[in-house]
Every structure is written in C-alpha cells, then in structure tokens.
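Engineer: Below is the structure I would like to discuss, written out as structure tokens.
The values are calculated or read from the model by the stated rules, or taken from the named source; none is laboratory data. Everything quoted here is computed from the prediction, not taken from an experiment. No Cβ is skipped: glycine too gets one built from the backbone with ideal geometry, and neighbour counts run over all protein chains shown. Ligands, DNA and RNA are excluded from the accessible area calculation, which covers all protein heavy atoms including side chains. Shrake-Rupley method; radii C 1.70, N 1.55, O 1.52, S 1.80 Å.
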Amino acid sequence: MSPDPDGSFGVLFVCTGNICRSPTAEALARRELERHPGVPIQVSSAGSHALEGNPAASRSMLAAATRGASLERHFARELTRRRVRAADLILCMAAEHRPFVLSYDRAAAGRTFLLATFARVAGQWDWLASSPAGLVALAGEHATEQDGDDIDDPLGQSPDAYAACAERLDGLVTPVVAALVKTMPVGTAGAT
C-alpha cells in the first residue's frame, strides 16, 4: 500500500459494531498524536457489522473520557473496501475481524494485525524501521499471535468491563503510536 497523496500514513482500527473497542482505540490514538503536532499519521475506525451513524456506547464514552480521549463526536462507520484499501495499517481488536478485512482486499493480509500482536512487535522492532511502512513490513515478518491477544468486547457488560477494556487499549495504542511516530522519516514532523 502506498502512502496517501498527502504523504500521510493511515491506521484503521477494526472491531464489530464500531461503538466500543475500535472507536476507543481511535480516540486514544488521536490523544497520543496531539503530543506530536504535524506528524502525518491519520487514524480512523470501522466495524465489520457496524450500523452507520450509531453513536459510541455511553459506557465507552465514559471509559475513554477518564483516559483523556473523547468519543463525543464519534458515529459508527461500516468496514468497506474503500476503507480497507486506503489504510496502510489495519489493527483488528480480535481474530474474528480479520476475515472481514480480507474479504474486501486479500492484499491487505500483510498490513492487517491484531492490535495486541502489532503492539508487541512494534515495541521490539521499531528501532530497525526507517518508516511506518517499514515497521509494518517488519511486523509482517515477525508477528506471532499469542493466546490472549484478542480484546474482549465489553458491550452489554458492567462499567468495570468498559474501563478495563479502555485501560488495555490505552496500554496497546500508546506504544503503537509512539513506535509509528518514532519511525517517521526525519523532516515529516513539521509537515501539514
């Protein structure tokens, strides 16, 4: 996948309904990117079974807000071929989401990972990558999923389940964004 014409690197978070996990991951990534103004990384999210326009789950909004991330303006987006093809990196919340991504674009296999798997690899290999695309390629070579890499869906559960989910997402998204920013070519940090 080539970068967008504006030179930005696109990350797509994917879950089921796009009202809990993936929008929380997107909001946390936006929070982290605010610490790196001008870095050309774009983040978005979508759901394999999303109902376009649904607001984020209220408990997800609260859990994200306690971590400094906002879901107030989030509306669910459906996973589409266009969204898959436009993404340079696709981070799924659970293994069940990958087949939906690949049904839109088989070529996305090399840039589609479970968030937890990619976070582990990014932390180990970011020093070797000279670009976000290089980090994705290294992840493609070295990523191995482990038991527990799926992020459980808190939908319909207690507020504690949403808080635990947001905490886990924060612990994964923060190092992923840091690794992607670190691998940005010198001189892009000030790009608009």
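Engineer: Scan the stretch 90-106 residue by residue and report those that are small (Gly, Ala, Ser) and touching a residue at least 40 places away in the same chain (Cβ under 8 Å). Don't jump to the end; show me each part of the working.
Structural biologist: Restricting attention to the stretch 90-106, the residues satisfying the condition of being small (Gly, Ala, Ser) are 94-95, 103.
Passing the criteria: 94, 95.
Engineer: List the residue pairs whose Cβ atoms are under 8 Å apart, where the first residue sits in the stretch 24-51 and is over 14 Å from residue 75 (Cα atoms) and outside any strand (DSSP E or B), the second is basic (Lys, Arg) and open to solvent by 10 Å² or more (accessible area, probe 1.4 Å), and the two are 6 or more positions apart or on different chains.
Structural biologist: So the pair list comes out as 28/67; 31/67.
Engineer: Is it fair to say residue 164 is open to solvent by less than 60 Å² (accessible area, probe 1.4 Å), within 15 Å of the chain's Cα centre (by Cα) and at pLDDT 95 or above?
Structural biologist: No: the conditions fail for residue 164.
Engineer: From the list 22, 45, pick out the single residue that is open to solvent by less than 10 Å² (accessible area, probe 1.4 Å), out of contact with any helix residue (DSSP H, G or I) (no Cβ under 7 Å at 6 or more places or on another chain) and modelled with pLDDT of 95 or more.
Structural biologist: 22
Engineer: Please report, ordered by residue number, the helices (runs of 4 or more DSSP H) entirely within the stretch 56-139 with at least 2 residues that are more than 14 Å from residue 21 (Cα to Cα) and open to solvent by 50 Å² or more (accessible area, probe 1.4 Å).
Structural biologist: 81-86, 98-104, 115-125
Engineer: Please list, ordered by first then second residue, the pairs with beta carbon atoms under 7 Å, 6 or more apart or interchain, first in the stretch 142-160 and within 27 Å of residue 109 (Cα to Cα) and modelled with pLDDT of 95 or more, second hydroxyl-bearing (Ser, Thr, Tyr) and in a loop (DSSP other than H, G, I, E, B).
Structural biologist: If the second residue must be hydroxyl-bearing (Ser, Thr, Tyr) and in a loop (DSSP other than H, G, I, E, B), the pairs left are 153/16.
Engineer: Checking residue 11 against (1) of a type in the set (Val, Ile, Thr); (2) more than 24 Å from residue 143 (Cα to Cα); (3) in contact (Cβ under 8 Å) with a residue 40 or more places away in the chain, which single condition isn't satisfied?
Structural biologist: Failed condition: (2).
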